[in-house]
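Presented below is the structure to which this report refers.
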Amino acid sequence: MEVTTTFAKSSFQNNHLKTSGESTDSLIDCFVAASLATIPFGGLTVSGNFKFFSRVGKTRIIPIGLKMLLIFICLILLSNFITNFISLQLTQRQIINLNNTIMVSQLKELYTTSSNQYQIFSYSGNKNESIDAMCKVAKTGFANPNSVALGVNINGELQFFADANELALPPEFKDTETISKINADKEAGIEEGSISFDSLYGEYFGVYKFQDDWGYYIIRAELRSDLEKANYRVYGIISALIIILTFIFIAAGYITIRREFRTLRSITDELLQMQQKKKLELIDISKAPNDDVTYMAASFNSLSMQVNNLLDTFQKFVSKDIVAKAYAGRDVGLEGSQRDLAMLFSDVKSFTYRTETLGNDIIEVLNVHYNRVIHNVHENYGIVGSIIGDAILAIYGTLESKKSKAYNAVISAWNITRTTAELRQAMLTRRAEIEKTRKLTESEDKVFQAVMVDVGVGIDGGKVFYGTIGRNDFDDPRQAHMTNTVIGDTVNSASRLEGLTRIYHLPVIVSESIKDEVSAETARYKFIEIDTVQVKGKTKGKKIYFPFDTNEMEESLLAEYQKFEEGLKAYYEGDWKSARKIFKGLELDVTQVFLERMGTKGAPEGWSGIWAMTTK
């Protein structure tokens, strides 16, 4: 058996406009004999002349006035039916409550009679006479054809039975669920209350009380359908009156609608909203019939879909700020400027191993990963600068936000690492489920390790060139090609910082400029100084920091990092002996880098505290 890892895929479906050529029932043709005013339709003039329904091709055009009249009639009928039905239901509920009150009074009388009859039975020993006496008392309170009074023991067996219509009920209580419920209530100390139970004749409702002397429940109940029959009879009469009165007003309603329905308000409102938002949308005709207005809206939707398809494709390949600029009606040309931005660089660790193991399936893994990463970037006012295989460059500062660009970048970095951790946890859970039945094979284990995606994130900020480069051919737009890009040392620095996450075993590493900007804005992040490094190709050392999230991470861990900073200070000062002692007392992975770097030696002569990297 192979382990198959299924990743969620996002799929988007477009609505397709469908017009039907089916004709409307001929019965509607006879409904009104009047003619409509002439209606212009896309160059085609459709007129009435007592031929009420016109056609475009094979499709019948329903006049909008008639359509609105029919809707109006249906709504009135529905409103009246529902109102009267609710009224009857409320009345029925009041009747049921009244019946319950009456039945409670009758149950009390029957309960008292049963107690007295038990005393008589105790002396006479004639049980049948006592039961007959209870039945007579019960029958005096019967008001409906199927009223009943009965005694049922805890096993559901009938002890006595009285009815108003000589019902042929079997000599046992069939509703075992109800008897179980009232038995449970009795064990909880509740020996009386309301009850409903099923029988051969339908559902009964009523009240009950446990008779300690006889040792069974005394029940007084009414058949629910007895009360409903009278209500439905009234409902039928009212419904007939509603229909008759509705048809009387159809003629007047039709004349009124034709006179008052002068504008196509819904369509013009939607078009006005689109104009205000500067965005094309579809007019909703999913439930619209084939009338003249629908055809006009369908023509607009056909054009709108084509334009939107182009825009959707455009914004999938272009950054959000460029899309916003295009939507605002501004020209997008070859232009750019120096801007102060924050760069976030994220890369998948051990990507070569994952590619070799998964082959073409690595695309599925990356799509799942990028689906969440890109969402996090956009959610925190960033834009995707580029995606290069397993790496993504996000840019912050081009979109308006209440938070600083550095803060948004750090939030995104932690969200990215958190979502990848959630994916890994889901895979671990799946593996545990499989290993409950069997162990993974060697090849399955390799696949499992390959889909356990982990990332590193580096963030830096500073002045960069941001804009569009390429070719803009005004004479032949087909020859034009432009791309949005960011150029500057900050971009390379963010990439270098991401590479350092693998060395220092940390998920996120940021520069000093990011640290300063975020620290001035919030106290949520405590920036732990990790090292001062001179990356390959640079001549100066640069401090690097780990953004500790005080909202998400434990205080005990913060204490560990603060102790680490004490060791780092000794390390900078050349007191490697003291630094080793401090680092060995910590359980942080980052300390292993310094312990291996220092070994058992002391600081070299001329030590500046800067570590020169020999690789990228």
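Just a few scattered comments:
- In terms of overall dimensions, the C-alpha atoms belonging to region 335-466 reach 59, 27, 18 Å along their principal axes, ordered largest to smallest.
- Within region 411-567, all pairs of alpha-carbon atoms sorted by distance into 5 Å bins from zero give the percentages 2, 7, 12, 15, 14, 12, 10, 9, 8, 6, 3, 1, 1, 0.
- Note on Lys601: aspartates and glutamates with a C-alpha under 13 Å away, same-chain residues under 8 apart excluded, are Asp575.
- For Asp531, distant residues with modelled amide H under 5 Å away: Ile544
- Rh by Kirkwood over Cα pairs, then Stokes-Einstein D for region 97-248 at 1.002 mPa s and 20 °C, µm²/s: 128 µm²/s
- Loop-located trypsin sites (Lys or Arg not before Pro) in region 493-585 (DSSP state other than H, G, I, E, B) with a sparse environment of at most 12 neighbouring Cβ atoms within 10 Å: Lys536, Lys540.
- Full-extension gain in nm, Leu595 to Asn551, via 0.36 nm per residue minus C-alpha separation: 12.8 nm
- Across region 103-115, coupling constants 3J(HN,Hα) worked out from phi with the 6.51/-1.76/1.60 Karplus curve, θ = phi - 60°, read 5, 4, 5, 5, 5, 4, 5, 5, 5, 5, 4, 5, 5 Hz, and Gly and Pro carry x.
- Overall dimensions of region 520-570 by Cα: Rg and Dmax, Å: 13.1, 38
- Computed over neighbours whose Cβ is under 13 Å from that of Tyr217, the net charge equals -3, Lys and Arg +1, Asp and Glu -1.
- Estimated vicinal HN-Hα couplings, Hz - region 507-512 in sequence order (Karplus 6.51, -1.76, 1.60; Gly, Pro = x): x, 9, 10, 10, 8, 5
- Computed over protein heavy atoms with a 1.4 Å probe, the carbon and sulfur contribution to the accessible area of region 529-603 reaches 44%.
- In this structure region 547-616 gives 62 Å² per residue of accessible area when probed at 1.4 Å with all protein chains present.
- Cβ-Cβ distance of Thr352 and Arg372, R₀ of 22 Å, FRET efficiency by 1/(1 + (r/R0)^6): the value works out to about 0.50.
- Accessible carbon and sulfur surface of region 137-228 relative to its total accessible area, %, 1.4 Å: 45 percent
- Net length available on complete extension from Lys277 to Glu203 is 20.8 nm, with 0.36 nm assigned per residue and the Cα-Cα distance removed.
- Legend: residue pairs Lys540/Lys577; Lys136/Lys186; Lys181/Lys229; Lys402/Lys526; Lys563/Lys584; Lys515/Lys563, Cα-Cα distance threshold 23 Å; pairs beyond threshold, Lys540/Lys577; Lys136/Lys186; Lys181/Lys229.
- Separation of the Glu442 and Ile387 label points, Cα + 7 Å toward Cβ, nm: 3.5 nm
- For region 375-384, 3J(HN,Hα) per residue [Karplus equation, 6.51 cos²θ - 1.76 cosθ + 1.60, θ = phi - 60°, Hz, x = Gly/Pro]: 4, 5, 4, 5, 5, 10, 6, x, 10, 8
- Remark: the Glu157-Lys538 segment gains 127.6 nm on full extension, using 0.36 nm per residue and subtracting the alpha carbon distance.
The values are calculated or read from the model by the stated rules, or taken from the named source; none is laboratory data. Because the structure is predicted, anything quoted here is derived from the model rather than measured. Quick reminder, even Gly has a Cβ in these numbers, built from the backbone with ideal geometry, and neighbours come from all protein chains shown. We work out accessible area using only protein heavy atoms, side chains counted, and drop any ligands, DNA or RNA first. Shrake-Rupley method; radii C 1.70, N 1.55, O 1.52, S 1.80 Å.
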